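Every read-out reported here was derived from the displayed coordinates using simple, explicitly stated rules and does not represent laboratory data. Computed from a prediction, not measured in an experiment: that's the story for all the values here. Cβ sites come from the backbone with ideal geometry, for glycine too, and all protein chains shown count toward neighbours.
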Amino acid sequence: MSRVKRVLCAAAISFAALAPTPAGAASPTPSPGLSAVLAAPPAGFTELTSSPFHGRFTAHEYAANADAGKQSNVESTLAHDGFVDGFGKTWVHQATQHVLIEDVIAFTGGKGARDWLTQAEAGDKKQTIYKHANTMSGIDPYFGEHVADDATKTYGDLFAFVKGNDVFALFVISSKDDALPQVTAQTRIQYDAAPPETIPSSQWPENTSAGGHGLAYSVGYFLPPVLIVAVIVLFVARAMRRRSAATPAMAVPGMTPGGVQLSPDGNYWWDGQAWRDATQEVPPGAQRSSDGAFWWDGRTWRPVPQVPHPPTS
């Protein structure tokens, strides 16, 4: 896995921005909240709550995905760009071995978001895994790309677009070169469902007395964190599928290897007194993967629920 991360970490992207929050100004709050604006995945995808790319992220947390020597510059760039908030989710489809990652980053204004998108496209085209552009109609501004790492046999297609003050990115990675139709359809769904803006345009820096800002920072990452997480999840999914195929059928339907009974729909398990949500709690006797990230429900491997981090002061 370290080799994969070394390959994909090379996909660094430099960004420029024009819309930082004026010094001393309070950061606006996106409305609707970013957790409500991502499109639901297609049928058959299971959300990976244990994925590193899951839930809300700050500029500092996002910058932590960069190379150690560039993290400070990445965070500074995000702050200068007017980063307000970020949110992402990861899903996996066991049958097709597709990993879907969606994320949205809210900026203080539309101009900063559009400049981020433009610089991301220019930076991506310089990377060794970049193969060619992807195109689709009816979305503007946007860019699309096809990436491939033949050594690890991983292929991906991505679309990123700006709507209002938000930058959306949708990425599907697969062990086969078959991701484009799915990410194209999902991007259309996301574009149509996204709100026109999450911060009123009357509050954007380019529309206030603060005016626009010239280029200053140009160090940032956009796609590499998504690529790394997607490849890691894909490799884990492959391993889980192999283990699933090797696991013998249970003699008692609905029972885990530890003897825990599941509801017919598989959404709950019986603790002897009450039904428990299988997406929130793991049965005590359930078999776990060697890395502890998945548990076996008698039919498939499920992600172990992520323990929420305590709030920071």
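Under a point spin-label approximation (7 Å from Cα along Cα-to-Cβ), what is the SER263-SER290 distance to one decimal in nm?
3.5
Give, in nm to one decimal, the length gained when the segment between ASP140 and ALA193 is fully stretched (0.36 nm per residue of separation minus the Cα-Cα distance).
Details: separation 53, 0.36 × 53 = 19.08 nm, distance 1.47 nm.
Additional length available on full extension: 17.6 nm.
Would you kindly state how much longer the chain becomes between GLU47 and TYR130 on full extension, computed as 0.36 nm times their sequence separation minus their alpha carbon distance, in nm to one decimal?
Details: separation 83, 0.36 × 83 = 29.88 nm, distance 2.72 nm.
Working it through step by step, the gained length comes to 27.2 nm.
By how many nm would the segment from LYS153 to GLN306 grow when fully extended, if each residue of separation counts as 0.36 nm and the alpha-carbon distance is taken off?
Numbers: separation 153, 0.36 × 153 = 55.08 nm, distance 2.89 nm.
Value of the extension gain: 52.2 nm.
For each pair in LYS111/LYS163; LYS89/LYS111; LYS126/LYS163; LYS89/LYS176, compute the distance between the two Cα atoms and list the pairs where it is over 19 Å. All intermediate terms of the calculation are to be shown ahead of the outcome.
On the way: LYS111/LYS163 11 Å; LYS89/LYS111 25 Å; LYS126/LYS163 25 Å; LYS89/LYS176 22 Å.
Listed pairs above 19 Å: LYS89/LYS111; LYS126/LYS163; LYS89/LYS176.
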